[in-house]
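K.L.:
One structure, as C-alpha cells, below. Some questions next.
The values are calculated or read from the model by the stated rules, or taken from the named source; none is laboratory data. Everything numeric here is computed off the predicted structure, so don't read it as measured data. Cβ sites come from the backbone with ideal geometry, for glycine too, and all protein chains shown count toward neighbours. Note: accessible area is taken over every heavy atom of the protein model, side chains too, but ligands, DNA and RNA are not part of it. Shrake-Rupley method; radii C 1.70, N 1.55, O 1.52, S 1.80 Å.
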Amino acid sequence: MKVESFVISFETKKNFQFFDLTKKLEKLVKKSKVKNGILNIQTLHTTTALLLNEKENLLLQDFKETLERLFPRDKKYNHDDFSRRKQNICLGECANGHAHCKAIFLLPSLTLNIIDSKIQLGRWQSVLFLELDGPRQERKISILILGE
C-alpha cells in the first residue's frame, strides 16, 4: 500500500471565506499515482471547517447567514471573557468564540474515495475549506492519500 502526505498552506483575507480545494486535491491525487484508495483531508485549526457541497454563490450566502444567525459575532461568549479564561491564551488573542462555536457543528475532516485515479465526487460536489475567523496569515490543511 502506498501512503502519501501533503500539507497545503494559504492565507485567508476575511473572517468568513470559502476556498475551493477540489482542483488542488485532484492534482495531488494524480501526483501520488494512487489508482484506488482513499483521500483524507483535515484542517489543522479549530476555527475552520471542511465541507463537501455545491459551490453555488447563493447557497454559500445562505449557509453563511444561517451560521451567523445561530452564532452571531456580537453575542457574549464565555471563551471571549479574558478576565476569566485561563487556558490557551496567546499574545494578541482575539474574541473568536463565535468561530469556535460554528466550527464545533461542522466537519474538521473529510474522507473521499479514489477510484481509477479520480476522486469520487457527485455532479455538483466540491471540497470547500471554510475560514470562520480570518483574516489569517497562514492556514494549513493536512492531506493523506492511501491506496494502490
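K.L.:
Extent of the stretch 1-58 along each principal axis, from alpha carbon coordinates, in Å, largest to smallest?
P.N.:
39, 24, 15
K.L.:
Test of understanding: in a Gaussian network model of the chain with alpha carbons linked when under 10 Å, which of L107, L50, L130 would top the mean-square fluctuation ranking?
P.N.:
Checking each option, the largest mean-square fluctuation is seen for L107.
K.L.:
Still on this structure, I have one more. If each residue of separation counts as 0.36 nm, what is the full-extension length gain between K33 and D81 once their alpha-carbon separation is subtracted?
P.N.:
12.4 nm
K.L.:
Let me test this: with uniform point scatterers at the alpha carbons of the chain, what is the Debye-based log₁₀ I(q)/I(0) at q = 0.15 1/Å?
P.N.:
Treating every Cα as an identical point scatterer, log10 I(q)/I(0) equals -0.81.
K.L.:
Keeping every protein chain in place, order E138, E65 by accessible area at 1.4 Å, biggest value first, i.e. largest first.
P.N.:
Reading off the accessible areas and sorting them downward yields E138, E65.
K.L.:
Now for a different question. Separation between the K118 and K55 pseudo-spin-labels, each 7 Å from Cα along Cα→Cβ, expressed in nm?
P.N.:
1.7 nm
K.L.:
What full-extension length gain, to one decimal in nm, is calculated for L70 and K23 as 0.36 nm per residue of separation minus the Cα-Cα distance?
P.N.:
13.8 nm
K.L.:
Between the stretch 5-35 and the stretch 40-87, how many Å separate their Cα centres?
P.N.:
So the two Cα centres are separated by 20 Å.
K.L.:
Tell me whether the stretch 33-113 comes out rounded, prolate or oblate; compute the Cα gyration tensor, take square roots of the eigenvalues as a ≥ b ≥ c, and use a/c under 1.5 as the rounded threshold.
P.N.:
It is oblate, given that a/c is not under 1.5 and a/b is not larger than b/c.
K.L.:
A further question follows. Under the √(5λ) rule applied to the eigenvalues of the Cα gyration tensor, what semi-axes describe the equivalent ellipsoid of the stretch 74-122? Give them in Å, descending.
P.N.:
38, 12, 8
K.L.:
Next up: First check a/c for the stretch 55-94, with a ≥ b ≥ c the square roots of the eigenvalues of its C-alpha gyration tensor; if it is under 1.5, answer rounded, and if not, answer prolate when a/b is larger than b/c or oblate otherwise.
P.N.:
prolate
K.L.:
For E93 and K140, compute 0.36 nm times the residue count separating them, minus their Cα-Cα distance, and round to one decimal in nm.
P.N.:
15.0 nm
K.L.:
What does the charge dipole of the chain about its Cα centre add up to, to the nearest 20 debye, if the Cβ of each Lys and Arg holds +1 and the Cβ of each Asp and Glu holds -1?
P.N.:
Roughly 300 debye for the chain.
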